[in-house]
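Below is one structure, written out as structure tokens, with a few remarks after it.
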Amino acid sequence: MFHYTDIDWKELSEESYIDNYISYFFQFLNEKQIEVWWEWADKLTKVFSRIQENFNGQYRKDGEPYISHLIEVAKIFIENLWVSNTSFDDIIIALLHDSIEDIKHENFHSIQQDFWDYIALWVLVLSKPELETSPTKPEKILKKERNKKYYPRFASSDTLRNYISEKSKEENININDNEITKLSRIVGQIKLCDRIHNLRTMPLKKHKKDKTGFSVEKKEAKLKESRYFRWLLNEIWNYNITRDFFRAELFWNQSIFWEKIRLWLTN
């Protein structure tokens, strides 16, 4: 049987991603979900083609193609949190979650045009605001300021619900309280899966000039950001997600500790 954990993404040609993902995907579907799959086939194929085109030639720091992150986030979601027998919309949002943030020509309206209002709203809520420009501030400072605006929306169920409500009004989407609750739950779950995969796959720099890893400072900042999502663990009550989240945080803390010791000894 096909398993994604057996894949070396660096060895795959980008043309094979979609076929491999669909083969993997079918392992997790029950009979009812397989029936629904064929009803959603056109939309799902459009999503796979879209992310392949958008992220073609982009790579993560560890050298793996960026599309692998999108698929792995969907994988974590499917394995642990996906319960729908009638809809694939939450899988679509997991695959599109970085589209507005990372692709210049993607925005709320481009996704709304090809899918529908709720998908576009989900992606918008998951996206960081556009990076501001400044003649006096370096990009590093501008990114820190953007993160300070972004992460507080995930601080609690109320802040997330309020943000969704605010964005729905800005985009003229009629949405009731029950729908906001559903959207906030799915957004929170996908953000947790995104964070878990990032924590699993962000290595430390081996030396100052190493471009395939992250500095101690960057990893410490990521750990602080992760604290915004801990309340979500109590909301979903999923053992595997909770275990993986804290296991990844523990590994990062240990790697940061030993890296600080190494730096102290070599200076």
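The values are calculated or read from the model by the stated rules, or taken from the named source; none is laboratory data. Note that this is a predicted model, so its numbers are computed, not measured. Note: ideal-geometry Cβ built from the backbone for every residue, glycine included; neighbour counts use all protein chains shown.
Summary table
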{"quantity": "Matching residues in the range 38-61 - criterion: being of a type in the set (Ser, Thr, Tyr) and closer than 16 Å to Ile93 by Cα", "calculated": "Thr45, Ser49"}
{"quantity": "Enumeration of residues in the range 172-185 that are surrounded by 20 or more Cβ atoms within 10 Å (Cβ to Cβ) and either of a type outside the set (A, V, I, L, M, F, W, C) or closer than 11 Å to Leu232 by Cα (or both)", "calculated": "Ser184"}
{"quantity": "Helices (runs of 4 or more DSSP H) fully within the range 1-113 counting 2 or more residues that are modelled with pLDDT of 75 or more and touching an Asp or Glu at 6+ places or on another chain (Cβ under 6 Å)", "calculated": "99-102"}
{"quantity": "Any hit, the range 193-210, residues being at pLDDT 90 or above and either assigned to a loop (DSSP other than H, G, I, E, B) or touching a Phe, Trp or Tyr at 6+ places or on another chain (Cβ under 6 Å) (or both)", "calculated": "yes"}
{"quantity": "Leading residue by the ranking (modelled with the highest pLDDT) among those in the range 117-149 that are among the polar types (S, T, N, Q) and outside any helix (DSSP H, G or I)", "calculated": "Ser127"}
{"quantity": "Residue tally, condition surrounded by 16 or more Cβ atoms within 10 Å (Cβ to Cβ) and at pLDDT 80 or above, over the range 234-267", "calculated": "4"}
